[in-house]
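Q: The structure follows.
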Amino acid sequence: MVSNLRRLCLVGVRGVGKTTLLKSVLPRLPRVEHIVGSAVLRELAGPDFVRFDFLPASSKVAYRQKAIVWMERRQAASQRHLLCDGHTALLDESTGRVESVFTASDCGFFRELILMEGPEDLILRRRQGDTSKRRSLNPSVIAAELEAERRTAHAISAQWGLTLHSLPSEPVAAAERLVEILS
């Protein structure tokens, strides 16, 4: 039954190392299905995805609600715990501000958040090394993104009663803590 299956969202700024961390631990967690939040949105939005940041807020929310339905169906079919990686806050490139992107639907769907943080200089180096993705290299923007992600994750967990887990910034310790959370 789906009701006793867990629904977790690993959140952190772009470049903090979520994907690298997940690749290191998922082979040890056969009862966990990993979903990349942006990949689901990309699939659902189709050609609109390339301009997703510039879509009206109502369109973004509609796509995110469709993503929730998609994940509910996926979990019902797989009968596994669901771990999505994503963000609670993102840089709005049209305004230059960091804004909350976690919707009420997201808050109602996920039961646990896992916050991954890291040092600004490490995130900057990772972003500089991965030119395949568009991400700010401005240290003050990275600092603002980290603060917004942290603040939003704490606020969401308090307001919606979600369990909030935090990972240590050291990679090996973060991997062990994530396995502990998901086991």
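Q: Can you tell me which residues in segment 26-58 are hydroxyl-bearing (Ser, Thr, Tyr) and under 18 Å from the mean Cα position of the chain (by Cα)?
A: Ser38
Q: Condition first: surrounded by 12 or more Cβ atoms within 10 Å (Cβ to Cβ), part of a helix (DSSP H, G or I) and either modelled with pLDDT of 90 or more or not hydrophobic (A, V, I, L, M, F, W, C) (or both). Now tell me which residues in segment 1-22 satisfy that.
A: Lys18, Thr19, Thr20, Leu21, Leu22
Q: Another question, then. Could you tell me whether segment 53-61 includes any residue that is touching a residue at least 24 places away in the same chain (Cβ under 8 Å), over 20 Å from Leu164 (Cα atoms) and among the aromatic types (Phe, Trp, Tyr)?
A: yes
Q: Related question: Just give me the residues in segment 23-37 being surrounded by fewer than 18 Cβ atoms within 10 Å (Cβ to Cβ) and in a helix (DSSP H, G or I), in sequence order.
A: Scanning segment 23-37 gives Lys23, Ser24, Leu26, Pro27, Arg28.
Q: Right, next: May I ask you to list the residues in segment 72-90 that are closer than 22 Å to Met116 by Cα, out of contact with any Ser or Thr (no Cβ under 6 Å at 6 or more places or on another chain) and outside any loop (DSSP other than H, G, I, E, B)?
A: Across segment 72-90, the qualifying residues are His81, Leu82, Leu83, Cys84, Asp85, Gly86, Leu90.
Q: Give me the residue from segment 104-161 that is aliphatic (A, V, I, L, M), modelled with pLDDT of 90 or more and not in a helix (DSSP H, G or I) and, out of that set, nearest to Leu5 (Cα to Cα).
A: Per the stated criteria, the residue is Leu113.
The values are calculated or read from the model by the stated rules, or taken from the named source; none is laboratory data. Everything numeric in this text was worked out from a predicted model, so none of it was measured. Positions of Cβ are generated from backbone atoms using ideal geometry, with glycine treated the same way; all protein chains shown enter the neighbour counts.
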